[in-house]
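Notes for the one structure printed next.
The values are calculated or read from the model by the stated rules, or taken from the named source; none is laboratory data. What you are looking at is a predicted structure, and each value in this text was computed from that prediction instead of being measured. Positions of Cβ are backbone-derived with ideal geometry, glycine not excepted, and every protein chain shown enters the neighbour counts.
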Amino acid sequence: MFRPRPDVHPPTVEVFVEGAPLRVPAGASAAAAVLLAGLFRIRETPVSGAPRLPYCMMGVCFDCLAEIDGVANRQACVVPVAPGMRIRVQHGARVALDGGAG
Ligand code: FES
């Protein structure tokens with residue numbers, strides 16, 4: 001359905017998803033980078049630890065909360081990638097603005 005055109009090469013940036021380098025189209029969201037990386041989760045729920053992936057991709061469902069550049073609880077679907085960005089899976093509940101409570 002959505003095939004890339006072989007004659008079009010959009011600019012890309014390098015980000016790190018769970019420590020692994022990945023080139024993604026400039027302007028893509030951090031959540032899109034996680035999906036491109038093929039991860040099976042971007043966060044785990046605080047109560048049961050169930051894995052979650054981005055769902056709505058428009059800032060509504062909060063299933064894309066992730067640790068981005070060391071800051072927890074970022075809505076990855078509304079954060080555009082930047083060169084060198086580090087995106088990590090968020091495990092359980094985190095305290096906002098302190099980088100994580102453990
Ligand atoms: S995927 Fe729903 S808020 Fe980000």
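Residues checked against (1) among the polar types (S, T, N, Q); (2) crowded, with 18+ Cβ neighbours inside 10 Å; (3) modelled with pLDDT of 95 or more; (4) in contact with a Ser or Thr (Cβ under 7 Å, 6 or more places away or on another chain):
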position	(1), (2), (3), (4)
Met1	no, no, no, no
Val17	no, yes, yes, no
Pro21	no, no, yes, no
Ala31	no, yes, yes, no
Ala37	no, no, yes, no
Met58	no, no, yes, no
Val79	no, yes, yes, yes
Arg86	no, no, yes, no
Exercise for review: Quick one: Pro10 ticks every box in (1) within 16 Å of the ligand (Cβ to nearest atom); (2) over 12 Å from the mean Cα position of the chain (by Cα) except a single one, so which number is it?
Suggested key: (1)
Point to revise | Within the stretch 3-15, tally of residues that are part of a strand (DSSP E or B) and either surrounded by fewer than 18 Cβ atoms within 10 Å (Cβ to Cβ) or not hydrophobic (A, V, I, L, M, F, W, C) (or both) | key: 2
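Among Gly59, Gly38, which is the only one that is within 13 Å of the ligand (Cβ to nearest atom), more than 16 Å from Thr12 (Cα to Cα) and of a type outside the set (D, E, K, R)?
Numbers: Gly38 fails: within 13 Å of the ligand (Cβ to nearest atom).
Exactly one residue qualifies, and that residue is Gly59.
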Practice item. Take Cys56 and decide whether it is assigned to a loop (DSSP other than H, G, I, E, B) and free of Cβ contacts under 8 Å to residues at least 12 places away in the same chain. Key: no
